[in-house]
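*Asks:* Once you've had a glance at the structure underneath, I'll fire off some questions.
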Amino acid sequence: MATEPQTAFFSYSRDDSEFALRLAGDLKAAGANVWLDQLDLVGGQRWAEAVQEALERCPRVLAILSPSAVTSPNVMDEVTFALDERKTVIPVLYRDCKIPLQLRSLHHIDFRSDYARGLKALLKALGVEQKPHSSSSFSPEELNKTMSNPKYDLDIDALKGGKEPGWVINKFTIIIVVGTCVSAELLDRPVAERLRDRIDEEGGKFGFHRGVVVTDAGWYSEESLRDKSVIAIGGPVVNSLSDEFFKWAPTPQSGEGTYSMPGSKQLTGFFRRNEKGRPQVALWGDDAYGTREAVEKYLANPKGLPEFLQICWSPRPS
């Protein structure tokens, strides 16, 4: 197993997996090198051997402290080994607990009441140069601000005035599809809504040049949506439309189908045109963090969203 020279090993209790996964994802997104078994083990590796090798190779250890962690023999053994080997141990206080004696002399990073402040302090401790807060509209803090329909007031006025739904969603509307499962709603929908916001910004003063987020169930149940330009967010496991695209066999040399995107992990894109010439796209990673990165890269690529919108909003498709 190869690790970067300054990789930090996550020592944590399985009871704290949700916090550990969130923190590892945010650290990786900010440029920190960290190793977490649930994210970095690869198929075919033996868990115990891989964890031991990672612990031996990593010069730094993040000890996630909680009531479960301080009573976990595995966590305490990892911390003791790291101290004996003179590794840098950074205590991360996740929940109130009795801090182990061997860690009391070490400055801890406190996440109990303010996650954002704790993350900033931990990135500083890891020597990661932090970008300005506004540098990414895909930061967890910005994704927290998403809302399902920023044009709610206009839509309700139109629909209650007797207009058909086609007045709101027409040939210029871009449908963004997320999965119906809970994880897709919690993790992929905020990313989809941030993408929708960018599309709305590009649409500017044109009322119909907008994005609308729906679930895959909504896509398949609403026949009127099926000929629209569409972007599916999330992989085949969580999004039925992405699954349809993934299984679709393109014509050779057509330039359509799935393709790999450069990134910190496996990222996948998909492109084809429907019968009316409108583009159909899908973006996903091997987990929610990867999907977020795939969408962010798609927005930053001149041949990504800008080219997609040019196809959608050119006069040609009818």
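*Asks:* Can you tell me which residue in segment 235-289 is surrounded by the fewest Cβ atoms within 10 Å (Cβ to Cβ), limited to those that are hydrophobic (A, V, I, L, M, F, W, C) and farther than 20 Å from ALA300 by Cβ? Don't jump to the end; show me each part of the working.
*Replies:* First, the residues of segment 235-289 that are hydrophobic (A, V, I, L, M, F, W, C): 237-238, 241, 245-246, 248-249, 261, 267, 270-271, 281-284, 288.
Then drop every residue that is not farther than 20 Å from ALA300 by Cβ, which leaves 237-238, 241, 245-246, 248-249.
Working: VAL237: 16, VAL238: 23, LEU241: 25, PHE245: 25, PHE246: 18, TRP248: 13, ALA249: 7.
Looking at residues that are hydrophobic (A, V, I, L, M, F, W, C) and farther than 20 Å from ALA300 by Cβ, I get ALA249.
*Asks:* With the checklist (1) in contact with a strand residue (DSSP E or B) (Cβ under 7 Å, 6 or more places away or on another chain); (2) part of a loop (DSSP other than H, G, I, E, B); (3) acidic (Asp, Glu) in hand, flag the one item ASP96 doesn't pass.
*Replies:* Failing condition for ASP96: (1).
*Asks:* Now, a different point. Report yes if ASP77 is assigned to a helix (DSSP H, G or I), surrounded by 14 or more Cβ atoms within 10 Å (Cβ to Cβ), among the charged types (D, E, K, R) and outside the structural domain of ASP287 (by TED's automatic domain parsing), otherwise no. Spell out the reasoning first.
*Replies:* Values: assigned to a helix (DSSP H, G or I): yes; surrounded by 14 or more Cβ atoms within 10 Å (Cβ to Cβ): no; among the charged types (D, E, K, R): yes; outside the structural domain of ASP287 (by TED's automatic domain parsing): yes.
Taking the combined requirement at face value, the residue does not satisfy it.
*Asks:* Could you count how many residues in segment 16-31 are basic (Lys, Arg) and buried (at least 17 other Cβ atoms within 10 Å of the Cβ)? Lay out the reasoning, then the answer.
*Replies:* Filtering segment 16-31 for residues basic (Lys, Arg) gives 22, 28.
Still in the running and buried (at least 17 other Cβ atoms within 10 Å of the Cβ): 28.
Counting residues in segment 16-31 that are basic (Lys, Arg) and buried (at least 17 other Cβ atoms within 10 Å of the Cβ) gives 1.
*Asks:* Oh, and also: Would you check which residues across segment 170-179 are buried (at least 16 other Cβ atoms within 10 Å of the Cβ) and part of a loop (DSSP other than H, G, I, E, B) and list them? Before you say what the answer is, go through the steps one by one.
*Replies:* We begin by selecting, within segment 170-179, every residue buried (at least 16 other Cβ atoms within 10 Å of the Cβ); these are 172-179.
Of everything in segment 170-179, those that are buried (at least 16 other Cβ atoms within 10 Å of the Cβ) and part of a loop (DSSP other than H, G, I, E, B) turn out to be PHE172, THR173, GLY179.
*Asks:* Could you please let me know if GLY211 is crowded, with 20+ Cβ neighbours inside 10 Å and either under 14 Å from VAL191 (Cβ atoms) or not assigned by TED's automatic domain parsing to the domain that holds LEU41 (or both)? Can you show your working first?
*Replies:* Working: crowded, with 20+ Cβ neighbours inside 10 Å: yes; either under 14 Å from VAL191 (Cβ atoms) or not assigned by TED's automatic domain parsing to the domain that holds LEU41 (or both): yes.
The answer is yes for GLY211.
*Asks:* Please find, among PHE111, PHE10, the residue that is surrounded by 18 or more Cβ atoms within 10 Å (Cβ to Cβ) and more than 23 Å from GLY263 (Cα to Cα). So that I can check it myself, show each step before the final result.
*Replies:* Details: PHE10 fails: more than 23 Å from GLY263 (Cα to Cα).
On inspection, the qualifying residue turns out to be PHE111.
*Asks:* Let me ask you something else. Please find, within segment 40-49, the residue that is modelled with the lowest pLDDT out of those that are surrounded by fewer than 17 Cβ atoms within 10 Å (Cβ to Cβ) and touching a helix residue (DSSP H, G or I) at 6+ places or on another chain (Cβ under 8 Å).
*Replies:* Residues of segment 40-49 that are surrounded by fewer than 17 Cβ atoms within 10 Å (Cβ to Cβ), as a first pass: 41-49.
From the residues that got through so far, the ones that are touching a helix residue (DSSP H, G or I) at 6+ places or on another chain (Cβ under 8 Å) too are 41, 47.
Details: LEU41: 74, TRP47: 78.
It comes out as LEU41.
*Asks:* Look through segment 225-234, keep the residues that are in a loop (DSSP other than H, G, I, E, B) and at pLDDT below 95, and return whichever of them is surrounded by the most Cβ atoms within 10 Å (Cβ to Cβ).
*Replies:* Pass one, segment 225-234, residues in a loop (DSSP other than H, G, I, E, B): 226-228, 234.
Retained after the next criterion (residues that are at pLDDT below 95): 226-228.
Numbers: ARG226: 12, ASP227: 13, LYS228: 22.
So the residue we want is LYS228.
*Asks:* Count, please, the residues in segment 268-289 that happen to be in contact with a helix residue (DSSP H, G or I) (Cβ under 7 Å, 6 or more places away or on another chain), closer than 22 Å to THR173 by Cβ and either without any contact (Cβ under 8 Å) to a residue 12 or more places away in the chain or not in a strand (DSSP E or B) (or both).
*Replies:* 1
*Asks:* Within segment 38-73, track down each residue that is in a helix (DSSP H, G or I) and in contact (Cβ under 8 Å) with a residue 40 or more places away in the chain.
*Replies:* Taking segment 38-73 and keeping what is in a helix (DSSP H, G or I), we get 38-40, 47-57, 67-70, 73.
Residues satisfying the conditions are LEU39, ALA50, GLU53, ALA54, LEU55, ARG57, SER68, ALA69.
*Asks:* Would you confirm, using the coordinates I've provided, whether ILE64 is at pLDDT 95 or above and closer than 25 Å to SER183 by Cα? So that I can check it myself, show each step before the final result.
*Replies:* Numbers: at pLDDT 95 or above: yes; closer than 25 Å to SER183 by Cα: yes.
Criteria met by ILE64.
*Asks:* Out of all the residues in segment 196-206, is one or more assigned to a helix (DSSP H, G or I), over 13 Å from ILE174 (Cβ atoms) and in contact (Cβ under 8 Å) with a residue 24 or more places away in the chain? Let's see the steps before the verdict.
*Replies:* Within segment 196-206, the first condition is being assigned to a helix (DSSP H, G or I), and the residues that meet it are 196-203.
Add one more test, that the residue is over 13 Å from ILE174 (Cβ atoms), and what stays is none.
Within segment 196-206, not a single residue is assigned to a helix (DSSP H, G or I), over 13 Å from ILE174 (Cβ atoms) and in contact (Cβ under 8 Å) with a residue 24 or more places away in the chain.
Residue-wise test of (1) in the same structural domain as HIS209 (by TED's automatic domain parsing); (2) more than 20 Å from GLY211 (Cα to Cα); (3) without any contact (Cβ under 8 Å) to a residue 12 or more places away in the chain.
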site	(1), (2), (3)
ILE233	yes, no, no
VAL238	yes, yes, no
PRO252	yes, yes, yes
MET261	yes, yes, no
GLN266	yes, yes, no
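*Asks:* Is it true that some residue in segment 29-37 is out of contact with any Ser or Thr (no Cβ under 6 Å at 6 or more places or on another chain), within 17 Å of LYS120 (Cα to Cα) and part of a helix (DSSP H, G or I)? Spell out how you get there, then give the answer.
*Replies:* Within segment 29-37, the first condition is being out of contact with any Ser or Thr (no Cβ under 6 Å at 6 or more places or on another chain), and the residues that meet it are 29-32, 34, 36-37.
So of that shortlist, the ones also within 17 Å of LYS120 (Cα to Cα) come out as 29-32, 34.
With part of a helix (DSSP H, G or I) added as a condition, the list becomes 29-30.
Checked segment 29-37: at least one residue is out of contact with any Ser or Thr (no Cβ under 6 Å at 6 or more places or on another chain), within 17 Å of LYS120 (Cα to Cα) and part of a helix (DSSP H, G or I).
The values are calculated or read from the model by the stated rules, or taken from the named source; none is laboratory data. Keep in mind the model is a prediction, meaning the values are calculated, not measured. Using ideal geometry, Cβ is built from the backbone for each residue, glycine included, and neighbour counts are taken over all protein chains shown.
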